[in-house]
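Presented below is the structure to which this report refers.
Values quoted throughout were computed directly from the atomic coordinates according to the rules given, and no laboratory measurement underlies them. Remember, it's a predicted structure, so these values are computed and weren't measured experimentally. As a convention, Cβ positions derive from the backbone with ideal geometry for all residues, glycine included, and neighbour counts pool all protein chains shown.
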Amino acid sequence: MLKTLLRTYWRSMIHSLFFRDSRKAPGRLKKAGILLLLLYVAGIFLFLSGSMFFSMARPLNRLGLDWLYFLLALAAAFFLMLTGSVFLAITQLYEARDNELLLSLPIPASLILFSRLLLLYLTDLLYGIVAVGPALAAYALRIQVSPSWLIPSLLLYLLLPLPVISVSCLLGAAFAAVGKRIRHKTAAVLLLWLLFLGGYLFLCRRLFAGLPDLLLHAPRIAGWLARMLNPLYQIGSAAAGNLRALGYTALAFGLTFAAAYGILTVTFVKMITSNRGFRKIKYREKRRKRYPVLLALMGKEWKHFSSSPGYMLNAGCGIVFAAAAGIFLLIRQDAVARLAGLSLGGVSLEEEMAGFLLTGLCFLASFNFISAPSISLEGKCLWILKSSPVTARQILAGKLLFHVTVCLPALLLAQGAVLWVLRPSFAMAALLLVLPVLVLTLTGMLGLFWNLLFPRLDFLSETRMIKNSLSSTLTVLLSLLLSLLPMLARQGLGLFADWKPEGYYALWTAAAAAGCGALWRWLKKSGARRLEAL
Amino acid sequence: MLRIENLTKTYGKKKAVDHLSLHIRAGEIYGFIGHNGAGKTTTIKACCGILQFDQGEITVCGHSLRREPLACKRALAYIPDNPDLYEFMTGIDYLNFIGDIFRVPEEERRERIRLYADSLELKEDLGEKISAYSHGMKQKLAVISAFLHEPKLIIMDEPFVGLDPKASHTLKQMMREHCDRGGAIFFSTHVLEVAEKLCDQVAIIKKGKLVASGSMEEVRGQDSLEEVFLELEGEDA
């Protein structure tokens, strides 16, 4: 039975990744393309993680602090797994659409729980490999290859998801339970996420800022950890080959998981079947004026976006970053002046400061992919639009305008902050205003473009559709690349290096405008036809 | 009001609808009967512009669905067999959305919502999210949204599924009143007693082909509709 359940989940995952719709099987070329894309994304993360551990392996080994090195690798893996699995635990465990169906079948609830946890375990292993894989490879390359550390490290990597699952499932249970009792669940989840993200970014900032300090004061930090947080020392020692510590760690991980599993077994069915309900909202008639069709379509998009934490937090996180960047810049105006004093690759940042900030704004503008899953998200309700007197072009325009409108205020705040702090020339000011907005529009169009090429209307989990769909992935990757391309071409390849920044970025602005024009033409004709045929 | 000429739709090699022709006039309630997989939903979806068809012509109030899809859609309303509505909206949000899309003026919209929501006993629940609605409540909301813009033609796929007896009765009244005002209704059903009592015209479809059509009296003769249906179903069995 477990095999059947796992096979079903596996099929669902493969289906959501490769299949365009439930009737058409994917071609070989498409499969290969998706695999290449996944390898590319994994490669980027592995490279970033690898370069960090590569620089740490030898210094820590020389200080005899190999345990600290392994501890850092496992800690990085732990946070990656936790970040990935807290919200996954909610959607896969407590709010999975097929929970009721499975409960109605003669399958023990404990088996449903176990199969879901097994899936979380495998997902965590995937997240964890991004940190542990490069760390072990860096250690092997820089220090030595020996089974004395390799086997315990691998064993700990396989055990690490146990405490992660315990924490994420209990947190997920708390979130889900709170969510069932409060009416404004979206706002609560959004607040929790912002706190979580704030804490995470704070930790990352401290970690990166403190990396040189960590290496400099490693012995002192290691001594403090060994004295004050001995269990962490034991975990690090276990990975470095201390068998007694390995035994303790494995036992601790196992016990943590056993306790969490015990709690979950008792509460799982109650959690997913209880419905305490809210006090009914009695409808009171209100005056409401009639909106034009396009505004009505945008309003519908807004209601969907604002009612789904998964949609807001994943596809609209650039809004938060843009607002935060704008506020940060206004508060810490000296940051720009300090950056201007630096030089990069022989180029003074002061000369290119406007270009850097412009790239930053474009990057922020391209960070949202609200439009990318928006067609798929129509799902089974697509009939409403298709049977209504609206054209496919109006539907696409509504989705695009919503994408731009909802992202624009935060971007304008960031743009205003840049203009206030930088006081650029008139031409540069115009570029700082126009190019990021064009990139924002281009990202919205790219989202629709990819979603029309790879629509999925028969999804099971909305959050998974938003996060993992091919259209979302392609939109994020391509738009981020496009936003950075001008800077990379000028600073990395030296293209048009002798041009004034105003002229150079004006060229890119024209290119972005042309890109928008071409994509809109495609959306209006071929895109509209594709939408009609769905 | 609705004219279907030689409609053909294939899925791969299977002909779901095979040269089907029907004519629904103003003032008629037209029942569409057939076994599961006979092609009813395919025909209905094609008439609403939801499904592209391979051959034939569909006209709604004289407008060709191929050439003037918007004019056709403005004149019709569709109620699907499974009311998948926007669960992220409240009932009133959904009705206002439909009102905006069909450009229903503010005052008329309010009056019609009041009238139909009262009749179907859904008014108090209109402030709730659709995700909290039962199947029957969603069906009622779909019915109200269909009547909201006073379409000339209403196309319904199994409209009575999920409705309680009182709501079913109200819906039948609403259907009759709509046709008495000069509208037309084309609906599919498996409940032959309902079709027999409610319909002015009836068509029976089998494996995508029309096997009988006409007024209720013409189709059933001296027998009951159930007997005629079962006889036609068993003809090549």
So what's the back-of-envelope 222 nm ellipticity for chain A, counting only DSSP H runs of four-plus at -39500 (n - 2.57) apiece and dividing by all residues, rounded to 500?
-> -26000 deg cm²/dmol
Dipole of the protein assembly as shown, positive direction: furthest Cα of A:Gly33, A:Phe328, B:Leu85, with charges on the beta-carbon = A:Phe328
Just need the relative contact order of segment B:96-183 here, percent rounded to a whole number, with Cα pairs under 8 Å and 6+ apart.
-> 34 percent
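Rounded to the nearest 0.05, what FRET efficiency is calculated for A:Val266 and B:His135 with R0 set to 30 Å and r the Cβ-Cβ distance?
Numbers: r = 32 Å, r/R0 = 1.06.
After rounding to 0.05, the efficiency reads 0.40.
Which FRET efficiency value, to the nearest 0.05, do you get for A:Ser306 and B:Gln222 by plugging their Cβ-Cβ distance into 1/(1 + (r/R0)^6) with R0 = 56 Å?
0.40
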Those helices of chain A passing the 30 Å axial Cα length cut-off and the mean Kyte-Doolittle cut-off of 0.5 (DSSP H runs only) are A:28-62, A:66-89, A:109-142, A:185-209, A:243-273, A:392-422, A:426-453
Within 10 Å of each Cβ in A:388-394, the average number of Cβ atoms from other chains = 5
Between B:Ser134, B:Ser188, B:Ser64, find the one with the highest GNM mean-square fluctuation for chain B; connect C-alpha pairs within less than 10 Å.
-> B:Ser134
Of all GluC sites (Glu not before Pro) in segment B:84-119, which ones are in loop regions per DSSP and have a Cβ with at most 13 other Cβ atoms within 10 Å?
-> none
Leaving out same-chain residues fewer than 8 places away, which aspartates and glutamates sit with a Cα under 13 Å from that of B:Lys152?
-> B:Glu28, B:Glu177, B:Asp180
Most mobile listed residue (B:Lys207, B:Lys129, B:Lys14) in chain B, GNM with C-alpha springs under 10 Å | B:Lys14
How big is the antiparallel share of DSSP beta bridges in the protein assembly as shown, given as a percent to the nearest 5?
-> 55 percent
In the Gaussian network model of chain B, springs joining C-alpha atoms below 10 Å, which of B:Ala132, B:Ala75, B:Ala184 carries the largest mean-square fluctuation?
-> B:Ala132
So what's the gap between the Cα centers of segment B:187-237 and segment A:81-135, to the nearest angstrom?
-> 51 Å
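Mind checking B:88-95 for the average number of partner chain beta-carbons within 10 Å of each residue's beta-carbon?
Details: counts 13, 5, 3, 1, 5, 4, 3, 0.
Whole-number average of other-chain Cβ neighbours for B:88-95 is 4.
Any idea what the dipole of the protein assembly as shown comes to, in debye rounded to 20, about its Cα centre with Lys/Arg Cβ at +1 and Asp/Glu Cβ at -1? Walk me through the intermediate numbers first.
Working: 84 positive and 57 negative charges, 321 e Å.
Dipole about the Cα centre, nearest 20: 1540 debye.
Report, as an integer, the average count of C-beta atoms from other chains found within 10 Å of each Cβ along A:292-298.
Rounded to a whole number, the mean comes out at 3.
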How much length is gained on full extension from A:Leu35 to A:Ala430, taking 0.36 nm per residue of separation minus their Cα-Cα distance?
-> 138.1 nm
How would you rank A:33-40, A:120-127, highest first, on the average number of other Cβ atoms within 10 Å across their residues?
-> A:120-127, A:33-40
Segment B:41-122 - charge dipole about Cα centre, Lys and Arg +1 at Cβ, Asp and Glu -1, debye rounded to 20 = 360 debye
